[in-house]
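Read the structure below first, then the notes.
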Amino acid sequence: MSQETHFQNPPTIDSVAAARWNQWPHAQSPWLHEEIGRRMQERLAWIKLQPKSWLDWQPVSGGLQAHRLVQAHYPKAQAYVMESSPVRQALAKQALQPALWRRVLAQNTPSWGMPNAASMEMVWANMGLHLTAHPQELLQIWYKSLAPHGFLMFSCLGPDTLKELTQIHAEQGWSLPTHDFTDMHDWGDMLVQAGFAEPVMDMERIQLTYNSPQAFVGELRQLGRNLRIDRFAGLRGKKWHEQFQSNLRRLSPNPSQEPLRITVEVIFGHAIKPLPRTKMTAQSEVSLQDMRDILRQPRG
């Protein structure tokens, strides 16, 4: 494989919209992200390495409660927190900064900002990779922050996410409601391209239920935005909105008695940063006596 890495934007993501969403301050982490973070934290039981330092990538969106679960799993490890903006960094500090007496005793006190290169033994990145316009570049940032034998734990949304909503938009001839989500096998390939080794990919499909179209739409606003580059550019009218809600009710087997059902595909990934490979020289030198010894050895 070539040593040169080519970074390509996902073809359906608007990089400007992705950057704006990445700066949006959350009052609290989305509950779905917290739930997925809890499930990813349970997977740490499979990891034998006990990291002494770890980096939490954007926990305001990824899950502040999930951060606490990881900290409890590795109580002696030094946590670093990296956020996307000063405002979100302040929100993370407000939520995660321990009480004064614990700071004085230096117990579970996070460090803030990007750590030194090759210093982390774990990078924790929950529910953010599918919302970036430059995923391969982000994988490289995580790779460079890890020490050799350090590992990456991440989660993101997969292609079957909101498939019911996508089908409604396609049937009505509307522009699609989301950008395309990457398949877990493609994520595995990108991990290898970024330099990681032994990628392990896992997938779960979660079915969410909502009592009304309004509850579903309200939650979507907390989970993300439509970052599709060819999304509808104007404002929808009242008639369209009524038609949209009417179509959403079709997602319930029995609209008068049963809730709406929506599919979310979650991808979990794990990979290791290997030791640097030893470069082979173009030629090797062997002494005449060593060559004679080699030639005297019996064949077989």
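Scanning the stretch 37-84 for residues that are β-branched (Val, Ile, Thr) and part of a helix (DSSP H, G or I), we see that the one that is surrounded by the most Cβ atoms within 10 Å (Cβ to Cβ) is 60. If the condition is being under 34 Å from the mean Cα position of the chain (by Cα) and either loosely packed, with under 13 Cβ neighbours inside 10 Å or assigned to a loop (DSSP other than H, G, I, E, B) (or both), then the stretch 241-257 contributes 241, 246, 249, 252, 253.
For the stretch 198-209, the candidate set comprises residues that are among the β-branched types (Val, Ile, Thr) and at pLDDT 95 or above; within that set, the residue that is farthest from residue 134 (Cα to Cα) is 206.
Given the criteria modelled with pLDDT under 90 and surrounded by 19 or more Cβ atoms within 10 Å (Cβ to Cβ), does residue 25 qualify? Judged against the criteria, residue 25 is not a match. When you scan the stretch 280-297, do you find a residue that is modelled with pLDDT of 75 or more, loosely packed, with under 10 Cβ neighbours inside 10 Å and not aromatic (Phe, Trp, Tyr), even just one? No: the stretch 280-297 contains no residue that is modelled with pLDDT of 75 or more, loosely packed, with under 10 Cβ neighbours inside 10 Å and not aromatic (Phe, Trp, Tyr).
I'd like to check something: does the stretch 62-78 contain any residue that is among the polar types (S, T, N, Q) and modelled with pLDDT under 95? Scanning the stretch 62-78 turns up no residue that is among the polar types (S, T, N, Q) and modelled with pLDDT under 95.
Residues that are over 20 Å from residue 52 (Cα atoms), modelled with pLDDT of 95 or more and either surrounded by 23 or more Cβ atoms within 10 Å (Cβ to Cβ) or more than 10 Å from the chain's Cα centre (by Cα) (or both) within the stretch 101-129 comprise just one, 127. Going through (1) assigned to a loop (DSSP other than H, G, I, E, B); (2) at pLDDT below 95; (3) not polar (S, T, N, Q) one by one, residue 195 falls short only on (2). If you go through the stretch 183-234 and keep only what is loosely packed, with under 14 Cβ neighbours inside 10 Å, without any contact (Cβ under 8 Å) to a residue 60 or more places away in the chain and in contact with a Pro (Cβ under 6 Å, 6 or more places away or on another chain), you end up with 209, 211. Against the conditions (1) closer than 23 Å to residue 23 by Cβ; (2) of a type in the set (Phe, Trp, Tyr); (3) surrounded by fewer than 21 Cβ atoms within 10 Å (Cβ to Cβ), residue 143 satisfies every one except (1). Among all residues of the stretch 161-182, there is at least one that is assigned to a loop (DSSP other than H, G, I, E, B), of a type in the set (Phe, Trp, Tyr) and either buried (at least 22 other Cβ atoms within 10 Å of the Cβ) or at negative phi (or both). Among the conditions (1) at pLDDT 90 or above; (2) more than 30 Å from residue 63 (Cβ to Cβ), residue 234 misses just one, which is (1).
The values are calculated or read from the model by the stated rules, or taken from the named source; none is laboratory data. No experiment lies behind these values; they were computed from the predicted model shown. Note that each Cβ is placed from the backbone with ideal geometry, even for glycine, and that neighbours are counted across all protein chains shown.
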